[in-house]
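Notes follow once the structure below has been shown.
The values are calculated or read from the model by the stated rules, or taken from the named source; none is laboratory data. Keep in mind it's a predicted model, so treat the numbers as computed, not measured. Note that each Cβ is placed from the backbone with ideal geometry, even for glycine, and that neighbours are counted across all protein chains shown.
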Amino acid sequence: MQVGDPFTEKCLIEACLELMATDAVVGIQDMGAAGLTCSSFEMASLSGTGIALDLDAVPQRETGMIPYELLLSESQERMLLVAQAGREEEVAEIFRRWDLDVAVVGRVTDDGRMRIQWKGETVVDIPVDPVAKSSPELDRPVARPADLGERQKLDLASVAPEEDFEAALSELLGSPNLGSKEWIYRQYDQLVQGDTVIRPGGDAALVRVRDRDGDPTAKGLAMSVDCNPRWCWLDPHVGAMAAVAEAARNVACTGARPLALTNCLNFGSPERPEIMWEFAEATRGISEAAVALETPVVSGNVSFYNETSGRAIYPTPTIGVVGLLENWERHAVSHFPAARPVDRAARRKSRGARRQRVARAAARPRGGPAPGGRSRARKAPPRPARSRRGARPDPQRSRRFRWRARGGVRGVCVYRARTRGCYGSAYGYHPARRTALWENRPAGSSRRPRTRMR
């Protein structure tokens, strides 16, 4: 099984960018699903040339590999490039500087044929174009799933109420959709090069953009990946549109403007007409959403035959959207950026409302305190009068309450001032010093002394 390595991928990207800044490279292509075969045949066909390959020079992670495995091996973070003749060492030095494996595995010919050597023997000698350009194009049959109508039916009356709430809660918490995703993203470094602005956990990731000299700019790139497979199973067309819209909304929620999208289309076997219908409907939905949002599809890939014991996965057209934020410092986040005071009355009301919902779901007695109610009504104390800065408030309108100072010393605060919605400043006296803070303020100062409330 192929295993991606984000750090090696980053090094490979940087090495390729450095190489392309020179004139030493003629052509370059990544190795797709068919490995060395795909990249070599496509490059030779597009350039109208041939290639002579030496499989013994190909870097190998395993021993005893045969030509079939070497030519079709699909591994991550590999590129095939053609360099200017005589500048091979210059190219290799760039990749070695990034601690990457590099090797000269062949040369370009002008006969339009692919010749491959392995252990001194010629194992392949065929023309390039029939493989690269004459591959068959299939027009597979498409059929609407026979059970699609039943999928979209839901009789809520047939859903029995939960009897064991603890088991139901445990099942919900064990669901991958509700559980924490930290175990996935904590395996990778999210702070490479220190340009990450919004880390995992928000609507979208946000990174700063650097210029060619490596200096940070004001611009930022926001990225989000989304898909709802169950929705796509119920309606592939609308579900795929929703995936594009959700990814674009998540990017927009950071303050960025969505620019383009990519995709990873995962489906079952295309040999089954109902799977091809799901694939066709999903691609139609992506196209319509991309046109509506003016976000072109710039790349993507397709993964078929995702089945186990003849049972296909849900249609999963995963969408990735990238957006631009002109000033990354003006980004928005999905959480409160600073602490806020707790509204205890609202919390009590919320707890009461939840208890009522649970009781209704369990068909239990409807009694109990109303949401937000208490067994004994209490009148809220009046707020102190707003006074001009530096003036002492009316003692008759103040409210005395006890508080615990640092070190366990008890004191009495004679006034509680509301500052930006929280009780964060007060004046009074400290019983350990027996000296009024107000009376001991600096000469000429009209500001109230601040005491940390606990």
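Do the conditions hold for residue 90, that is, is it more than 20 Å from residue 135 (Cα to Cα), acidic (Asp, Glu) and either at pLDDT below 90 or assigned to a helix (DSSP H, G or I) (or both)? When the stated conditions are applied, residue 90 passes them. Comparison of 245, 240 shows that the only residue that is under 19 Å from the mean Cα position of the chain (by Cα), over 27 Å from residue 326 (Cα atoms) and touching a residue at least 24 places away in the same chain (Cβ under 8 Å) is 240. Scan segment 79-91 for residues that are touching a residue at least 12 places away in the same chain (Cβ under 8 Å) and surrounded by fewer than 18 Cβ atoms within 10 Å (Cβ to Cβ) and the total you get is 5. Hey, does segment 280-301 have a residue that's closer than 16 Å to residue 207 by Cβ and among the hydrophobic types (A, V, I, L, M, F, W, C)? Within segment 280-301, not a single residue is closer than 16 Å to residue 207 by Cβ and among the hydrophobic types (A, V, I, L, M, F, W, C).
Look at residue 163 and say whether it is charged (D, E, K, R) and either under 35 Å from the mean Cα position of the chain (by Cα) or closer than 30 Å to residue 66 by Cα (or both). When the stated conditions are applied, residue 163 does not pass them. Restricting to segment 186-228, count the residues that are assigned to a helix (DSSP H, G or I) and either acidic (Asp, Glu) or touching a helix residue (DSSP H, G or I) at 6+ places or on another chain (Cβ under 8 Å) (or both). The qualifying residues number 1. Residue-level check: of (1) in a helix (DSSP H, G or I); (2) at pLDDT 95 or above, residue 319 misses just (1).
Pairs meeting the criteria (first residue in segment 184-198 and of a type in the set (Val, Ile, Thr), second residue surrounded by 14 or more Cβ atoms within 10 Å (Cβ to Cβ) and assigned to a helix (DSSP H, G or I), beta carbons under 6 Å, at least 6 apart or on different chains) are 197/328. Looking at the structure I just gave you, is residue 243 modelled with pLDDT under 95 and surrounded by 21 or more Cβ atoms within 10 Å (Cβ to Cβ)? Considered against the rule, which asks whether it is modelled with pLDDT under 95 and surrounded by 21 or more Cβ atoms within 10 Å (Cβ to Cβ), residue 243 comes out as no.
Within segment 43-76, the residues that satisfy the criterion of being closer than 20 Å to residue 303 by Cα and either in a loop (DSSP other than H, G, I, E, B) or in contact with a strand residue (DSSP E or B) (Cβ under 7 Å, 6 or more places away or on another chain) (or both) are 73, 74, 75, 76. Restricting attention to segment 248-283, the residues that are within 18 Å of the chain's Cα centre (by Cα), in a loop (DSSP other than H, G, I, E, B) and at negative phi add up to 3. Could you tell me whether segment 32-48 includes any residue that is surrounded by fewer than 16 Cβ atoms within 10 Å (Cβ to Cβ) and closer than 23 Å to residue 89 by Cα? No: zero hits.
When residue 143 is tested against the conditions (1) without any contact (Cβ under 8 Å) to a residue 40 or more places away in the chain; (2) part of a loop (DSSP other than H, G, I, E, B), the lone failure is (1).
Yes or no: residue 131 part of a loop (DSSP other than H, G, I, E, B) and either out of contact with any Leu (no Cβ under 9 Å at 6 or more places or on another chain) or under 30 Å from residue 18 (Cβ atoms) (or both)? Against the criterion (part of a loop (DSSP other than H, G, I, E, B) and either out of contact with any Leu (no Cβ under 9 Å at 6 or more places or on another chain) or under 30 Å from residue 18 (Cβ atoms) (or both)), residue 131 does not qualify. Here segment 167-208 is the region considered, the condition is being hydroxyl-bearing (Ser, Thr, Tyr), surrounded by 12 or more Cβ atoms within 10 Å (Cβ to Cβ) and over 21 Å from residue 325 (Cβ atoms), and the residue that is modelled with the highest pLDDT is 185.
One line per residue, one yes/no per condition, for (1) more than 20 Å from residue 149 (Cα to Cα); (2) among the aliphatic types (A, V, I, L, M):
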{"site": "216", "(1), (2)": "yes, no"}
{"site": "226", "(1), (2)": "yes, no"}
{"site": "229", "(1), (2)": "no, no"}
{"site": "234", "(1), (2)": "no, yes"}
{"site": "237", "(1), (2)": "no, no"}
{"site": "240", "(1), (2)": "no, yes"}
{"site": "243", "(1), (2)": "yes, yes"}
{"site": "255", "(1), (2)": "yes, no"}
{"site": "260", "(1), (2)": "yes, yes"}
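The residues on offer are 102, 128, and the sole one that is farther than 30 Å from residue 282 by Cα, surrounded by 15 or more Cβ atoms within 10 Å (Cβ to Cβ), in contact with a strand residue (DSSP E or B) (Cβ under 7 Å, 6 or more places away or on another chain) and at pLDDT 90 or above is 128. Annotation for segment 39-56: no member residue is in contact with a helix residue (DSSP H, G or I) (Cβ under 7 Å, 6 or more places away or on another chain) and within 13 Å of residue 77 (Cα to Cα). Selection of segment 124-164 for residues being over 27 Å from residue 232 (Cβ atoms) and touching a helix residue (DSSP H, G or I) at 6+ places or on another chain (Cβ under 7 Å) yields 128, 129, 131, 132, 133, 161, 162.
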